[in-house]
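Chemist: Handing you a structure now.
The values are calculated or read from the model by the stated rules, or taken from the named source; none is laboratory data. Values in this document were obtained by computation on a predicted structure and should not be read as measured data. Please note: Cβ atoms are built from the backbone with ideal geometry, for glycine as well, and neighbour counts cover all protein chains shown. The accessibility values were calculated without ligands, DNA or RNA, using every heavy atom of the protein model including side chains. Shrake-Rupley method; radii C 1.70, N 1.55, O 1.52, S 1.80 Å.
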Amino acid sequence: MFSPRGPATRSQNSPFTPSRKGTPGKRGFSTPRRARDNRSQVGTRSLQVSQILDDTSRHRVESFGVPLPVLITEALTLADRSTEVTVKIDPSGWAWLVGGRKLFVWRCNPTTTRGIQCKELTLPPSDLAHSAGRVCVLAPVSGENQPTACVAVSPEGVIRYWPNIAYEASTSEISAELKGEECACVVNFQPHGCLLATTTSSLLLLKPSHGQNSITCIALKTAQGMFSGISRRMSSFIFGATPAQTAGAPLQALVAGVEDEEDETRPFYVLSDTHLQKWMMSTFSPEKLIYQADALRLVKDALARRVWDQESVNLPQLLVWLLDLQLTRDGVMILAAGTNLEASPDLYYVVALLSTDEEEAPKQLDKLTLLDYRERYDVSREEELLSYHLLVPTLTSQEALIYCRRLIFMLPVNDSQPADRMDLQNSADQLIGAGICDGKAVFFSSAHGMFCVAQNRGVEDSIMDEVGQDSLLRSEMSTMGFNMSQVAELSQCDDKLSRLKACFISSLSGNQADVKQMLEDLFPGAVMDALPGDGGREMDRLVTELSCELIDDYPTADPRWAESSRYDGGSSSSLIIVQQLRDKVRAHDYFRSFLKKFHLWEKLNIAPVRDGEMCTRLLLCEHVEKLEAAISLREQDAEPTKIVDVCIRRLLKERGTPVPHNLNPEDAFFREVSKVQDIGPALLDYEMEQLSSGITSRQCSHLIVTISGLLQTMVSAALVYRQTKADDYQLQDDQMERMPEYIPWTSTSGARGMRTVLSRQITLTAERGIPETQDVETRGTMFQQLMGLADIQLDCYSSQLESLRPQPHQSERYAQLKKKYEDERRKMIEPLLEYEQFDRAASLAEKYFDFDILIRICDVTDSQDRLQRYVAQFADQGFSQYLFNWYLKEGKRGRLLSQPFAQNPDLRRFLASDNTRYLSWLHQIGAGDFSGVHQTLVELARAEQIFLAKRKTLLSLSKLAALASDDSPELVEPNVEAINEELSQIDLQETLPKEAIQKVGLDPDNMRVLSASELIRLYAGDENLMATEVDYKKALDLLLYIDQAECPDEYEELKLFIWCQAILRDSDRWMDPSEKDPIKIRNETLFFRTVDLIYNEGDDLGVVLPSTETLLDCHFLGDLRNNKHFQFLLKAGYEIISNVLLSGQ
């Protein structure tokens, strides 16, 4: 699971997808770039020593410690899902993992790799799940020659002590006598031992005997002397009474303080759900409760003032929870959460600093820092929402790390910077442990093992101190400004993106030779001679990042932005937002010209975007599309603009983006154009909120029209640019085969994707807007918007499908997407059809080839002229075939055969197929082609194997058609004779005895078609109990339908079967010795009666009747053929027949 560590190289793989809420680090477009932005794509590979796995502008994620021992990786791999696995990392450099009753202890960060080991120990029995928090490893202090010991406590309070973890069997075990309480945690409290706290805040001191196999347990209690707690009583007198201790209150955290070696004392702190206690432990005196502070009240007061600008006494409904506690240099840091449900369901998270150096309880917080992240409070999710914990790397750290199972926030506590955020990328991954080691916050992930989060020192300052580039001139100017000294500075940066910026800006001055040389240095061998894609993904990444920075560039000519960002360069010198956006379009055009002029354009291949990949050229096009969308959004009329402004404020608040006091929210939003699509979900959320607020039907209609107009205008502007500039971004056919599926920003799915937003707006318009609108003009506007939004959606689907068409390996994906496209097309056009907006529905259906809608429109309006026009217009797309199938599916066969295009060759081909051939003869009758009718019916009859009556009818009709045709008698007569023979066989089946038919499970009135061999066996076989010579004669007649030339063996076998069955009918008489008269036998046995019937009807016995030798050799007769008496009678009978035949001659 965790591979050995390799060299310290940069990786793109990490357990996290970092993101940062709020305003990103600000820099001008031409500022040298020395560190990556907060966003990055990370993977799921094993961690490596000293390897930077990922970073933001302020933080990086690195692997930590030595490779995980094999026992640990096996435990993680083999643990079943029902087993809770937890990990603890200790400042001593030790770590331990608990899973079930197994405890694994290992040195995670030794000073030398020599002697690294992992010990497996067994925890005490328990009915409850063990946890790493109930285990404490007692490592020797530097210089002490003591073994590493370990204390583990079960939830019920059974204490197991290992004086030396090297010897698993050497243990001591006692009970903590918790009296029904549950152990919550065990904390290292050397040199006094270990502190044990229960879930209800009871405290015990565990004192192991070093070097001895024994441990004692002492309950801690508050002092009871005369003057004990006097300061607390005075505080209570002034501020109100508080309970003496928190026993019985739910425990939130237990933290050991720093030891005072001079006084040989050490404090510790207990955080319950309401109070903070400070205790002091001394070597020479009993434990002492110094004070108890009402921490909940302090946090509640500060939170009420910070968020709602009110006193907490005025907010009785305010709910606050204390979650965790960590030590700082001057006191403690508390993590808390709070919500005011009457104002909103938002749950806020805060970090509170509290000084604890004094002997009296603190009366107020030193500082309250609000995390720029909120959850939506739901009582059903309360346990999950309150599961956050706190880490402070060092006592002097100015940053708190707040984490849960899948998130880590890095929150500065002494400045206004927003928190960095990192999310676990793998859905199956989670944090199962954390701790502090070597002054770093260390985490343990179930999928990645141990890693730490550290600050990037000086990175942001270095970015902020760089000098920006002169602004690009306004679009009416002929050139763009630049500063060659700044270009030189950029070109000397180690960061390749800054060097590419230098190349771009330098190219504006016409220094082509210098630009080529810089590009050669930046992309060796990739400028003049490389084939498309040979430049590798690095070129694509740099180009797309630079393009993104262009559209997100700061308008630093605006003095407000200049003050905010502290840079004087950018892509626009305008103070007007719309003009700034247009300047960015112009700047991007220059950038595209630069790529083409220096032959980078044709070498662009594929770049990462969102959760996948895209052709780099199309991604650059997408950037300008967003600019065009932003321009159209900004140019709205006053009333829609008010809604946009409200949504922008909400959106920035959701992002956690602080807006500088001298700027408007609109300035911040329209500056970061790469996220302009976020306004779509925001508009929809605003719309749904207003619709659910009880507004009138007229207001509802007006709102839906406004939101639809905003969405349509914004996305349409992007599509217009995409379509008009398609040739500029077009790929060659051979390149298209290598490109991934094209999923532009207008086609993104998911809850906040633009495709989802447009689909929901279409549904809302059709299902609520139109039905509730009575005004004709407003309804007309809604119909037009419905058509426009559907057109946008279908156009995006078409582009996506077109990108998959040239790729044979994507055929399955193409089929899936096409099916979804067809379903969505029907759902979006059908409302127009239902409201009888036939022209609008037809317009969309014609453009996107929805033949079903077109046919339904023609059917409902009974417009044959329109239908004929579609037949001609879409002849190459198979419209006729679709129309014919539609008639069959709808059961309108008469309409199919009565169309004015009855002579159409398409209809003839359609009816000639196997599935519709049963109708083709009707079409042929209408065309007067009786010869064709005859041929079709014959073929249908011969193909019919299920219903005998149907076959007989088809043959009879075929015979009539042959007689009615204009063919010559020489052609007709053979056909009629052949049909008569087939009808004769049917007559033979219809005259089968009912008993024989029922014997084989057939219905005499509804028989299937039986073959000639089946009929022979039914006539002559045992199923025909009352068989006569007539039945055997019919069986022999059926031999005519057996092709003797093709199946001679079957023919002979069936003939012998018939005659032998006739003999066996009288087997008793053949073997009766008393039957001595051959003449009598000849007249009374079925065999010879059949011979007489054949003779009397004039058939040739020489052909039909087998010889005696053949019969006597036939296996059908069984033992009878060896009977001498039978042989005598048979041969005598044959002799009589021979004499009769001779006399007849």
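Chemist: Mind checking which pairs have a first residue in region 91-113 that is open to solvent by 60 Å² or more (accessible area, probe 1.4 Å) and a second that is hydroxyl-bearing (Ser, Thr, Tyr) and modelled with pLDDT of 90 or more, Cβ under 8 Å, 6 or more apart or different chains?
Modeler: The qualifying pairs are Arg101/Thr122; Arg101/Ser126; Lys102/Thr122.
Chemist: To continue, here is another question. Of the residues in region 1091-1145, how many are open to solvent by less than 80 Å² (accessible area, probe 1.4 Å) and part of a helix (DSSP H, G or I)?
Modeler: Matching residues across region 1091-1145 total 30.
Chemist: Do you know which residues across region 165-176 are open to solvent by 10 Å² or more (accessible area, probe 1.4 Å) and either at pLDDT 90 or above or basic (Lys, Arg) (or both)?
Modeler: Residues satisfying the conditions are Thr171, Ser172, Glu173, Ile174, Ser175.
Chemist: Would you mention how many residues in region 666-687 are open to solvent by 10 Å² or more (accessible area, probe 1.4 Å) and without any contact (Cβ under 8 Å) to a residue 24 or more places away in the chain?
Modeler: 1
Chemist: Please work out which one of (1) open to solvent by 50 Å² or more (accessible area, probe 1.4 Å); (2) without any contact (Cβ under 8 Å) to a residue 24 or more places away in the chain; (3) out of contact with any helix residue (DSSP H, G or I) (no Cβ under 7 Å at 6 or more places or on another chain); (4) of a type in the set (D, E, K, R) is the condition Lys818 fails and give its number.
Modeler: All conditions are met except number (3).
Chemist: For region 161-204, which fully contained strands (runs of 3 or more DSSP E) count at least 1 residues that are of a type in the set (D, E, K, R) and out of contact with any helix residue (DSSP H, G or I) (no Cβ under 9 Å at 6 or more places or on another chain)?
Modeler: Fully inside region 161-204 and qualifying: 172-175.
Chemist: Scan (1) open to solvent by less than 50 Å² (accessible area, probe 1.4 Å); (2) modelled with pLDDT of 85 or more for the single condition Ile218 breaks and write down its number.
Modeler: Failed condition: (1).
Chemist: In this structure, does Val87 turn out to be modelled with pLDDT of 85 or more and open to solvent by less than 20 Å² (accessible area, probe 1.4 Å)?
Modeler: It is true that Val87 is modelled with pLDDT of 85 or more and open to solvent by less than 20 Å² (accessible area, probe 1.4 Å).
Chemist: If you take the residues in region 872-884 that are surrounded by fewer than 17 Cβ atoms within 10 Å (Cβ to Cβ) and more than 36 Å from the chain's Cα centre (by Cα), which one is modelled with the lowest pLDDT?
Modeler: Filtering region 872-884 for residues that are surrounded by fewer than 17 Cβ atoms within 10 Å (Cβ to Cβ) and more than 36 Å from the chain's Cα centre (by Cα), the one modelled with the lowest pLDDT comes out as Gln881.
Chemist: Checking Leu1015 against (1) without any contact (Cβ under 8 Å) to a residue 40 or more places away in the chain; (2) surrounded by fewer than 17 Cβ atoms within 10 Å (Cβ to Cβ); (3) in a helix (DSSP H, G or I), only one condition comes out false. Which one?
Modeler: Among (1) without any contact (Cβ under 8 Å) to a residue 40 or more places away in the chain; (2) surrounded by fewer than 17 Cβ atoms within 10 Å (Cβ to Cβ); (3) in a helix (DSSP H, G or I), the lone unmet condition for Leu1015 is (2).
Chemist: Further question on the same structure: With respect to Ala152, is the statement that it is out of contact with any Lys or Arg (no Cβ under 9 Å at 6 or more places or on another chain), modelled with pLDDT of 90 or more and either open to solvent by 20 Å² or more (accessible area, probe 1.4 Å) or assigned to a strand (DSSP E or B) (or both) true?
Modeler: Here the answer is no, as Ala152 does not meet what is asked.
Chemist: So the check is Cβ under 7 Å with 6+ separation or different chains; which pairs have a first residue in region 420-431 that's over 9 Å from Ala447 (Cβ atoms) and a second one that's of a type in the set (A, V, I, L, M)?
Modeler: Hits for this filter: Asp420/Met410; Arg421/Leu407; Met422/Val61; Met422/Ile408; Asp423/Leu407; Gln425/Val42.
Chemist: Out of Arg698, Arg738, Arg722, which single residue is surrounded by fewer than 19 Cβ atoms within 10 Å (Cβ to Cβ) and in a helix (DSSP H, G or I)?
Modeler: Unique residue meeting the criteria: Arg698.
Chemist: Mind telling me which of the residues Leu833, Leu794 ends up being open to solvent by 10 Å² or more (accessible area, probe 1.4 Å), free of Cβ contacts under 8 Å to residues at least 60 places away in the same chain, under 30 Å from Asp862 (Cβ atoms) and touching a Lys or Arg at 6+ places or on another chain (Cβ under 7 Å)?
Modeler: On inspection, the qualifying residue turns out to be Leu833.
Chemist: What is the residue count in region 429-474 for residues that are open to solvent by 20 Å² or more (accessible area, probe 1.4 Å), in a loop (DSSP other than H, G, I, E, B) and modelled with pLDDT of 80 or more?
Modeler: Residues in region 429-474 being open to solvent by 20 Å² or more (accessible area, probe 1.4 Å), in a loop (DSSP other than H, G, I, E, B) and modelled with pLDDT of 80 or more: 5 in total.
Chemist: Do we find that Ile704 is open to solvent by less than 30 Å² (accessible area, probe 1.4 Å), among the aliphatic types (A, V, I, L, M) and over 31 Å from the mean Cα position of the chain (by Cα) in this structure?
Modeler: No, not satisfied.
Chemist: Scan (1) open to solvent by 30 Å² or more (accessible area, probe 1.4 Å); (2) at pLDDT below 90 for the single condition Lys653 breaks and write down its number.
Modeler: (2)
Chemist: Now a separate question. What are the pairs, 6+ residues apart or on separate chains, where a residue within region 767-786 that is basic (Lys, Arg) has its Cβ under 7 Å from a residue that is open to solvent by less than 10 Å² (accessible area, probe 1.4 Å)?
Modeler: From region 767-786, the pairs are Arg779/Ile770; Arg779/Thr773.
Chemist: Further question on the same structure: Which residue, of Ile631, Ile648, is aliphatic (A, V, I, L, M) and over 17 Å from Ser716 (Cα atoms)?
Modeler: Answer to the selection: Ile648.
Chemist: So, in region 587-609, of the ones that are in a loop (DSSP other than H, G, I, E, B) and touching a Lys or Arg at 6+ places or on another chain (Cβ under 9 Å), which residue ends up nearest to Met739 (Cα to Cα)?
Modeler: That would be Asn605.
Chemist: Additional query: Out of (1) over 29 Å from Val578 (Cα atoms); (2) modelled with pLDDT under 65; (3) aliphatic (A, V, I, L, M), what's the single condition that is false for Leu519?
Modeler: Every condition holds for Leu519 apart from (2).
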